[in-house]
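Colleague: Pasting a structure here, questions to come.
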Amino acid sequence: MARNLIYRYIWLIDTIERYGSLSLTRLNELWVNSTVGDKNPLPRRTFYNHRRAIAETFGIAIECDPRTYEYFIDRENTELDLRRQQWLLDSMSLSGMLSDAGDVSTRIVLENVPSARKHLPLVIDAMRQNKRISFSYKPYTRLTVTRNVVIEPYFVKIFRQLWYVVGYNVRDARVKTYALDRMSDLLLTSTTFSLPKGFDAQSFFKDCYGIVTSHAEPKRIVIRASATQAKYFRALPLHPSQQEEVHDAYSIFTYRMYNTYDLRERLLSHGANVEVIAPPELRAQIVDELRNTIKNYEPTRKN
């Protein structure tokens, strides 16, 4: 029943968003012909209850224009910023659509997101209540497990199909990043905390590609991309600072970012389609990685 209610909420939000504004009469017509309505009308009282639940659940305000008696999404009183709101709606709308896919469900192939269902709800609950969490952690770089890690969870971020939580590590007295799929024994504690004054999750990774930060200054990074690869970068920029200079057979892309492992790994993944122009140290690091990769394919010398 709870899942059906969520689908109803999403349908109402998505429909009003697509039409811009709708009278309750027109909304009811669309409702009756939808999968959530199942040929049944939407009672006025039910709509008002759903409208209130949408505000409480998603922070999205559905208001009525007294001049036209049409309902619309009130952006000024919507608590979520547009990017997070759109991501949430897209994800949940997709979930509802897949549930209704029926006979073609086996022909829809999705990517796996490890531990999102297992750990993400508890972490979000901890953020909502401003409570510390404790867990055991085993990074890929170590063989041993670190137990009784306690952090104050500031925010979560998804990157390359993996969820991460960024928070203040109580024992180390600094902000650190943890992958949810490498956690175990996750618990919500009773100890509360307060976010640092002025903390902004959106700006925490503003000069980063990925989830690795740096204490160095951001660099002016310049790459040359083939004409085909440039189209992908236009569709999905590497970073918000991306600027492009278009040429006949290639494009020059300029960024302001940290030189991190995540960035180097991404640039290397494009092979010959991408060349690092600047800074010199990043270009040298890419060259070293390419040389080491070539060594893996050289014939083994006989003694």
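Please treat every number below as a calculation from the coordinates, not as lab data. Just so you know, these numbers come straight off a predicted model, no measurement behind them. Neighbour counts are summed over all protein chains in view; Cβ atoms, including those assigned to glycine, are modelled from backbone coordinates with ideal geometry.
Colleague: Taking only the C-alpha atoms, wrap a convex hull around the range 1-67 and report its volume per residue in Å³ as a whole number.
Modeller: Convex hull volume per residue, Cα atoms: 90 Å³.
Colleague: Using each residue's phi in the range 243-259, evaluate 6.51 cos²θ - 1.76 cosθ + 1.60 at θ = phi - 60° and report the 3J(HN,Hα) Karplus result to the nearest Hz, with x for Gly and Pro.
Modeller: Couplings: 10, 10, 10, 8, 10, 4, 10, 7, 10, 9, 10, 10, 9, 10, 8, 6, 8 Hz.
Colleague: For Thr141 paired with Ala216, estimate the spin-label separation in nm (one decimal), with each label point 7 Å from Cα along the Cα-to-Cβ line.
Modeller: 1.5 nm
Colleague: Quick check on the exposure proxy: order Ser269, Ser226 from fewest to most C-beta atoms within 10 angstrom.
Modeller: If I rank by nearby Cβ atoms, fewest first, I get Ser269, Ser226.
Colleague: Next up: Roughly speaking, what is the stretch gain from Val175 to Arg52, that is 0.36 nm per residue apart minus the C-alpha to C-alpha distance, in nm to one decimal?
Modeller: 40.6 nm
Colleague: Quick check: convex hull over the Cα atoms of the range 210-265, volume per residue in Å³, rounded to an integer?
Modeller: Per residue, the Cα convex hull of the range 210-265 comes to 76 Å³.
Colleague: Set the Förster radius R0 to 22 Å, insert the Cβ-Cβ distance between Gln202 and Ser269 as r into 1/(1 + (r/R0)^6), and round the FRET efficiency to 0.05.
Modeller: Between Gln202 and Ser269 the formula returns 0.25.
Colleague: Moving on to the next point. Going down the list Lys197/Lys219; Lys157/Lys197; Lys219/Lys295; Lys176/Lys295; Lys131/Lys206; Lys176/Lys197, which pairs span over 23 Å between their C-alpha atoms?
Modeller: As for pairs spanning more than 23 Å Cα to Cα, those are Lys197/Lys219; Lys219/Lys295; Lys176/Lys295; Lys131/Lys206.
Colleague: I would also like to ask the following. If you wrap a convex hull around the alpha carbons of the range 116-204, what volume per residue comes out, as a whole number of Å³?
Modeller: Value for the range 116-204: 104 Å³ per residue.
Colleague: On to the next question. For the range 243-303, what is the charge dipole size about the Cα centre, in debye to the nearest 20, if Lys and Arg each add +1 at the Cβ and Asp and Glu each add -1 at the Cβ?
Modeller: Dipole about the Cα centre, nearest 20: 440 debye.
Colleague: Arrange Ile62, Ile294 by Cβ neighbour counts within 10 Å, fewest through most, would you?
Modeller: Ile294, Ile62
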